[in-house]
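Colleague: Handing you a structure now.
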Amino acid sequence: MTALRIDGTAMAQSLIAEVRDKANRLGRPPGLAVILVGDDPASHVYVRSKLKRAAEVGFENRIARFSTDVTEAEILSQVAAFNAAADIDGILVQLPLPDQVNTLRVMAAIDPDKDVDGLHALNAGKVSQGGVNALTPCTPLGCMMLIKSVAPDLTGMNAVVLGSSNIVGKPMAALLLAERATVTVAHIHTRDTPFLCRGADILVTAVGKPELVRADWVKPRAIVIDVGINRVATADGGSRLVGDVAFDEVSKVAGAITPVPGGVGPMTIACLMLNTLMAAQARQGVTTPS
Ligand code: NAD
């Protein structure tokens, strides 16, 4: 039996269409501002995709670029300028930032109402308290939509999250807990991670290790959500993207699985658009999503 392949690209397209429609009905188009530091190729690719999508849904985009030797004060001053800009509803600081810039201080400086990546402590705290009026980090939000497309009620299910970062693992665990799952978070220091995974009805991997999760880690019929994005070399001298899950062999055991690419990635970007729309609606006094 082969697992159901959860199509993140299709789900993202329909979410994007919904966002575009609602954005068109606002008095002023939502504005998304991005701060991009340095010349890391992956960060540039991610920012390009985000801005392209934002333009497609009718948002106004602004980008502030800085070289790798930027000071923290310069980033904080740019954040303050975007906080004050009336036409900007969402601010995204592309991570990672260089070592001389304290990421948590930058996140703390973003207006929580414009924090469309959901990384300000106020939004993180709201998410951990059940998510009311929170801007939720985009990747876990997208993962939850993917999970709920195949399992609408998670009550009492065992969920294991591999990875405990502030941007994926921790908020993912909070969202699963809010859906009444029993949640275990594993990380680099966890003992016998395969054993924990074998008890999971829902397994979310956000580690960054190519094909770490093998078929014998996975409970039959489990839902497997692969957040990992890893570039690996191919025999012909090129490269390809793989997730944290050995897709082919795990597909023979799991009940449902997301591919890489085409799973979590497109949903992350679609959820960034959704968060920006929600921030714009709130700032324009649209209290209930129309
Ligand atoms: P991170 O480096 O901040 O965190 C990695 C986590 O994995 C840490 O908690 C670490 O303790 C844990 N870990 C490392 N080795 C482990 C192991 N052997 N077993 C269990 N846990 C282990 O990374 P991140 O920012 O959370 O991203 C994780 C992965 O997800 C990366 O591949 C990243 O590229 C990808 N990612 C994808 C999207 C997307 O849209 N698809 C978004 C964000 C991140």
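The values are calculated or read from the model by the stated rules, or taken from the named source; none is laboratory data. Source: prediction; values computed, not measured. For neighbour counting, all protein chains shown are included, and Cβ atoms are generated from backbone atoms with ideal geometry for every residue, glycine included. Each accessible area value is taken on the protein alone, full model and side chains, heavy atoms only, with ligands, DNA and RNA left out. Shrake-Rupley method; radii C 1.70, N 1.55, O 1.52, S 1.80 Å.
Colleague: Roughly how many whole Å is it from the C-alpha centroid of the stretch 1-50 to that of the stretch 93-125?
Modeller: 19
Colleague: A further question on this structure: Mean separation of Cα pairs under 8 Å and 6+ residues apart, divided by the residue count of the stretch 137-265: what relative contact order is that in percent? Please report the intermediate quantities before stating the final value.
Modeller: Values: 283 pairs, mean separation 29.2, N = 129.
About 23 percent, as a whole number.
Colleague: Note down the magnitude of the dipole of the chain about its Cα centre, charges +1 on Lys and Arg C-beta and -1 on Asp and Glu C-beta and zero elsewhere, to the nearest 20 debye. Write out the running numbers ahead of the final one.
Modeller: Details: 27 positive and 28 negative charges, 103 e Å.
Dipole size: approximately 500 debye.
Colleague: Once you put a point 7 Å from the Cα of Thr2 and another 7 Å from the Cα of Arg25, both along the Cβ direction, what distance in nm separates them?
Modeller: Distance between the two pseudo-spin positions: 4.0 nm.
Colleague: Now a separate question. Quick one: angle between helix 41-56 and the longest Cα principal axis of the chain, in degrees between 0 and 90, rounded to 10, please.
Modeller: 70
Colleague: Taking N as the number of residues in the chain, what value does Rg over Cα atoms divided by 2.2 N^0.38 Å take?
Modeller: Values: Rg = 18.9 Å, N = 290, 2.2 N^0.38 = 19.0 Å.
For the chain, the normalised Cα radius of gyration comes out at 1.00.
Colleague: Can you give the local net charge around Leu119? Use residues other than it whose beta-carbon is closer than 14 angstrom to its beta-carbon, Lys and Arg +1, Asp and Glu -1. Walk me through the intermediate numbers first.
Modeller: Working: positive: Arg105, Lys114, Lys126, Lys170; negative: Asp111, Asp113, Asp115, Asp117.
Computed value for this residue: 0.
Colleague: Please give the length that would be gained between Lys209 and Thr287 if that part of the chain were fully extended, namely 0.36 nm times their separation in residues minus their C-alpha to C-alpha distance (nm, one decimal).
Modeller: On the way: separation 78, 0.36 × 78 = 28.08 nm, distance 4.15 nm.
Between Lys209 and Thr287, full extension yields 23.9 nm more.
Colleague: Right, something else. So what is the diffusion coefficient of the stretch 26-113 in µm² per second by Stokes-Einstein at 10 °C and 1.306 mPa s, using a Kirkwood Rh over Cα pairs? Please report the intermediate quantities before stating the final value.
Modeller: Details: Rh = 13.4 Å.
D, rounded to a whole number, is 119 µm²/s.
Colleague: Quick check for me: using +1 on Lys/Arg Cβ and -1 on Asp/Glu Cβ, what's the dipole size of the stretch 137-265 about its Cα centre, in debye to the nearest 20? Display every interim value, and only then the final one.
Modeller: Numbers: 12 positive and 11 negative charges, 35 e Å.
About 160 debye.
Colleague: Can you check what the net charge comes to around Leu241, using other residues whose Cβ is under 15 Å from the Cβ of Leu241 (Lys, Arg +1; Asp, Glu -1)?
Modeller: -1
Colleague: Treating the angle as unsigned and between 0 and 90°, give the value, to the nearest 10°, between the Cα long axis of helix 138-150 and the longest Cα principal axis of the chain.
Modeller: Its long axis makes an angle of about 40 degrees.
Colleague: Percent of Cα-Cα pairs per 5 Å bin, from 0 to the last occupied bin, for the stretch 195-262, please list those.
Modeller: Calculated over all Cα pairs of the stretch 195-262, the distribution is 4, 20, 29, 25, 12, 6, 3, 1 percent.
Colleague: Follow-up question, since we're still on this one. Accessible area of the chain with a 1.4 Å probe: how many percent of it is carbon plus sulfur?
Modeller: For the chain, the apolar C and S fraction of the accessible surface comes to 55 percent.
Colleague: Can you give me the distance in nm between label points at Asn133 and Arg198, each placed 7 Å from the Cα along the Cα-to-Cβ direction?
Modeller: Label-label distance for Asn133 and Arg198, simple model: 4.7 nm.
Colleague: Could you work out how far apart the two model spin labels at Ala84 and Arg48 are, taking each label as a point 7 Å from the Cα in the direction of the beta carbon, and quote it in nm?
Modeller: In this crude label model, Ala84 to Arg48 measures out at 3.4 nm.
Colleague: Give me the extension gain from Arg191 to Leu104: residue separation times 0.36 nm, minus the current Cα-Cα distance, reported in nm with one decimal. Can you show the working numbers first?
Modeller: Details: separation 87, 0.36 × 87 = 31.32 nm, distance 2.88 nm.
Stretched fully, the Arg191-Leu104 segment lengthens by 28.4 nm.
Colleague: While we're here: Could you tell me what a quarter of the Cα convex hull surface of the stretch 137-265 works out to, in nm² with one decimal place? Walk me through the numbers on the way to the answer.
Modeller: Values: hull surface 30.1 nm².
For the stretch 137-265, averaging the hull's shadow over all directions gives 7.5 nm².
Colleague: By how many degrees, 0 to 90 and rounded to 10, does the Cα axis of helix 8-24 deviate from the longest principal axis of the chain?
Modeller: Result, in degrees: 20.
Colleague: Toward the positive end of the charge dipole of the stretch 191-290, about the Cα centre and with charges on Cβ (Lys, Arg +1; Asp, Glu -1), which of Ala246, Gly263, Thr276 goes farthest?
Modeller: With unit charges placed on the Cβ atoms, the residue in question is Thr276.
Colleague: Net charge around Pro194, counting only other residues with Cβ within less than 12 Å of its Cβ (Lys, Arg = +1; Asp, Glu = -1)?
Modeller: Numbers: positive: Arg191, Arg198, Arg214, Lys219; negative: Asp192, Asp216.
That sum, taken over residues with Cβ under 12 Å, equals +2.
Colleague: A further question on this structure: Express the relative contact order of the stretch 26-113 as a whole percentage, based on alpha carbon pairs under 8 Å and six or more residues apart in sequence.
Modeller: Relative contact order here is 40 percent.
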